[in-house]
Every structure is written in C-alpha cells, then in structure tokens.
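Each remark here refers to the structure printed beneath this line.
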Amino acid sequence: TKTIAVLNQKGGAGKTTIATNIAHALVRDGFATLLVDADPQGSLRDWNAVNGGELLPVVRLDRESLAKDLANIADGYDFVVIDGAPQIAKLSVAAVKAADLVLIPVQPSPYDIWACADLIDILEARREITDGKPKAAFLISRAIRNTKLSVEIVEALNTYDIPILNAHTTQRVIYPTAAAEGGTVFSIDPKGPAAREIIAIQRELMEVLH
Ligand code: ADP
Ligand code: MG
C-alpha cells in the first residue's frame, strides 16, 4: 500500500479537492483506493454523504493515532489518500507519519507559500528520525490559466528544499460543482480539461512514488 497524505495547514489550499479527484482517478485505473478523512471538520464525510457513500470508500481517522490505526485498515488497498486537517499540528504530525508521500497543494500566492513553513518543519523533524522519509512534493493549486508562475512565486517555493510537480490544477468551476454533487471532475466530464489535469498529476505522483 502506498499512502499519499494531502497536507497544508492552510484552509482552502485545495486538499479535499485534490484528495477526492486523485483517489477517483486511481480507482478508475483499477487501483483499490481508500480515502481517509483526517480533518475534524469532516468535509470528506460531508462529500461522501451527498453521493450516498457509493463513489469511494471513506474512513474517518482524525486522531493522533492515525498512523497506527491506518496500518490495520489499509490492508488490501493499493493506495490510501489522506485528506489532512488545517491548523492542528498534532494531526499533521500523525498524517506525515503515515505517509509515503506528502503532497502539499499550495495556491500561487506568497502568503500561502510562507504559511507552509510549519508543515515543512514537521516533515523535516520526521525525516530526521526515519532516514529521510516520507517523500514530499508541492502541487500548485488553482493556478490562473495561461499565465506563467512568477519568478517570485518560484523563488518563494524554492526556499523549501521540496520539488514542485509540473502538473497543477487551474481555477475551474467544475471543481466546486462536482464537489457539491458528491462527485469529482470524472463524474461530470471524464475527458474534459479538468480531468486531464488530474490525470497529469496522478501520472507524476506515480513517478515520484517509484
Ligand atoms: P481545503 O481542503 O484545503 O480546505 P478545498 O479543496 O476544500 O481546500 O478547496 C477550497 C475551495 O476551493 C472549495 O470550495 C473548492 O471547491 C474550491 N477549489 C479547489 N480547487 C479548485 C480549483 N482548481 N478551481 C476552482 N475551485 C477550486
Ligand atoms: Mg478540506
């Protein structure tokens, strides 16, 4: 089982959007995939309730024992995707502990990038006691289409020693529209441009995990 933890202590970064869409992409490729709601706010559970719990398996593990509890549950799954909690450092520590890969969605704004510092500290503390695990990558979230990332944004991201995925999500109405229906972009437009950006992210994640 490979575990991807989608983390950023900033709310609105795109964690739940990325977690649900990536998990659905993996399921569509035939991988048994479990979504873990590690956010006490329970966005993933709300989303799952709207679709009648029928799209993807979701479990609630918003507690410090997440890594240990998950070890028992994850058996038989190819992938686990953790939707992380904002703000609560202890839950980020727990999710980092459970992860093979920490995926950090970040909006291309300096405030959002600076706000990652605490999470990166948690990640580095973990790496010190595990010989460099887990892996990590930034994912640009909600980029404006047809604009290049500014030099300032790239430089701000480069102050952290963490790679930035080439693939990214752009600002598209289909993301909240799909979420409101308890679905993903694949539920609405499986061959559309948003689905293609999610598939590109999925492909890059597979490379990073290998
Ligand atoms: P988080 O889980 O980090 O708090 P969400 O995934 O809930 O972030 O995203 C916050 C809001 O932004 C939600 O309403 C979501 O639908 C919307 N959103 C996320 N990604 C995009 C996108 N690429 N385009 C448009 N809206 C988005
Ligand atoms: Mg969320």
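The values are calculated or read from the model by the stated rules, or taken from the named source; none is laboratory data. Note that the structure is predicted; figures quoted are calculated from it, not measured. Positions of Cβ are generated from backbone atoms using ideal geometry, with glycine treated the same way; all protein chains shown enter the neighbour counts.
Has the stretch 136-150 got any residue that is on the phi > 0 side of the Ramachandran plot and not small (G, A, S)?
For the stretch 136-150, residues on the phi > 0 side of the Ramachandran plot and not small (G, A, S): present.
I'd like to know if the stretch 8-29 contains one or more residues that are touching a residue at least 24 places away in the same chain (Cβ under 8 Å), over 13 Å from the mean Cα position of the chain (by Cα) and closer than 20 Å to K97 by Cα.
Checking the stretch 8-29: not a single residue is touching a residue at least 24 places away in the same chain (Cβ under 8 Å), over 13 Å from the mean Cα position of the chain (by Cα) and closer than 20 Å to K97 by Cα.
Return the residues of the stretch 91-119 that are within 14 Å of ligand 1 (Cβ to nearest atom) and part of a helix (DSSP H, G or I); say none if nothing qualifies.
Passing the criteria: L91, S92, A95, D112, L119.
Considering only residues that are of a type in the set (D, E, K, R) and at pLDDT 95 or above, look in the stretch 157-190 and name the one that is farthest from R145 (Cα to Cα).
Out of the qualifying residues, it is E181.
Here are D118, D112: which of them is out of contact with any helix residue (DSSP H, G or I) (no Cβ under 8 Å at 6 or more places or on another chain), of a type in the set (D, E) and farther than 9 Å from L7 by Cβ? Step through it out loud before you land on a result.
Details: D118 fails: out of contact with any helix residue (DSSP H, G or I) (no Cβ under 8 Å at 6 or more places or on another chain).
From the options D118, D112, the qualifying one is D112.
Please go through (1) at pLDDT below 95; (2) more than 8 Å from ligand 1 (Cβ to nearest atom) for G11 and return the number of the only condition it doesn't satisfy.
Going through the list (1) at pLDDT below 95; (2) more than 8 Å from ligand 1 (Cβ to nearest atom), G11 breaks only (2).
Of the conditions (1) in contact (Cβ under 8 Å) with a residue 24 or more places away in the chain; (2) within 22 Å of V80 (Cβ to Cβ), E181 satisfies every one except a single condition; which number is it?
(2) is the only condition that E181 fails.
Taking the conditions exactly as written (buried (at least 17 other Cβ atoms within 10 Å of the Cβ), of a type in the set (S, T, N, Q) and either farther than 23 Å from I198 by Cα or at pLDDT below 95 (or both)), does S92 satisfy them or not?
Values: buried (at least 17 other Cβ atoms within 10 Å of the Cβ): yes; of a type in the set (S, T, N, Q): yes; either farther than 23 Å from I198 by Cα or at pLDDT below 95 (or both): yes.
Considered against the rule, which asks whether it is buried (at least 17 other Cβ atoms within 10 Å of the Cβ), of a type in the set (S, T, N, Q) and either farther than 23 Å from I198 by Cα or at pLDDT below 95 (or both), S92 comes out as yes.
Strands (runs of 3 or more DSSP E) wholly in the stretch 1-90 with at least 3 residues that are touching a helix residue (DSSP H, G or I) at 6+ places or on another chain (Cβ under 9 Å) and within 12 Å of ligand 2 (Cβ to nearest atom) - which ones?
Ranges flagged: none.
Table: residues versus (1) over 15 Å from I104 (Cβ atoms); (2) not charged (D, E, K, R).
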site	(1), (2)
A137	no, yes
A143	no, yes
K148	yes, no
A156	no, yes
P163	no, yes
H168	no, yes
V173	yes, yes
P176	yes, yes
A179	yes, yes
